[in-house]
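Below you'll find the structure, written out as structure tokens, and then a few comments.
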Amino acid sequence: MLVINEQITIEDWELTEQFMRASGPGGQNVNKVATAVELRFEADRSPNLPGPVKARLRRLAGRRWTKDGAIVIQCDETRSQARNRDIARDRLAELIQKALVKPKRRIATKPTYGSQQRRLKAKKVRGQVKTLRGRVEDD
């Protein structure tokens, strides 16, 4: 069981772990021991996550979200299978925590009159500088 906060906990049946051989350091041991972990969370079918959280989670997960609505997290950072497993679970919990935060609604505002005038004045000045770079005519 993975505890996210007081209201949301992920049950073990929603998580699937698969272990495989990792690339990288490990010496001769790297070819014998399956230390890398692939954590799969069936997010779309999870009864513990509300709909808006699932939608935000889908956007945050990006390429890690599969077509059948699962999140796949891979970890092969350490030589220890248990440590990689903990890191993958922490990453999933962190992703769900981010999805729980409702984004602040943006309120559209108009630029102030003064800022509009300053912008137009700057554009005029810049245009004059550019016209001075033109060809010089003899009188």
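Go over the candidates ALA34, ALA43, ALA22, ALA88 one by one and state the one that is among the small types (Gly, Ala, Ser) and modelled with pLDDT of 85 or more. Going through ALA34, ALA43, ALA22, ALA88 in turn, just one is among the small types (Gly, Ala, Ser) and modelled with pLDDT of 85 or more: ALA88. Scanning segment 100-139 for residues being in a helix (DSSP H, G or I) and over 21 Å from SER46 (Cβ atoms) gives a total of 20. Do you know which residues across segment 60-99 are part of a helix (DSSP H, G or I) and either at positive phi or small (Gly, Ala, Ser) (or both)? ALA61, GLY62, ALA82, ALA88, ALA93, ALA99, listed by residue number. In segment 85-118, of all residues being within 18 Å of PRO52 (Cα to Cα) and β-branched (Val, Ile, Thr), the one that is surrounded by the fewest Cβ atoms within 10 Å (Cβ to Cβ) corresponds to VAL101. Which one is surrounded by the fewest Cβ atoms within 10 Å (Cβ to Cβ), of the residues in segment 58-79 that are out of contact with any strand residue (DSSP E or B) (no Cβ under 8 Å at 6 or more places or on another chain) and among the acidic types (Asp, Glu)? Within segment 58-79, the match that is surrounded by the fewest Cβ atoms within 10 Å (Cβ to Cβ) is ASP68.
Within segment 37-59, if we keep just the residues that are of a type in the set (Gly, Ala, Ser) and part of a loop (DSSP other than H, G, I, E, B), the residue that is farthest from ARG85 (Cα to Cα) turns out to be SER46. When ALA36, ALA82, ALA55 are checked against the criterion of being exposed (fewer than 14 other Cβ atoms within 10 Å of the Cβ), more than 21 Å from the chain's Cα centre (by Cα) and of a type in the set (A, V, I, L, M), ALA82 stands alone in meeting it.
Sub-6 Å Cβ pairs linking a first residue in segment 32-55 that is in contact (Cβ under 8 Å) with a residue 12 or more places away in the chain and among the acidic types (Asp, Glu) to a second residue that is loosely packed, with under 15 Cβ neighbours inside 10 Å and in a loop (DSSP other than H, G, I, E, B), at least 6 apart or interchain, are ASP44/GLY69, ordered by first then second residue.
The values are calculated or read from the model by the stated rules, or taken from the named source; none is laboratory data. None of the values given here were measured: they were computed from a predicted structure. All Cβ positions, even for glycine, are placed from backbone atoms using ideal geometry, and neighbour counts span all protein chains on display.
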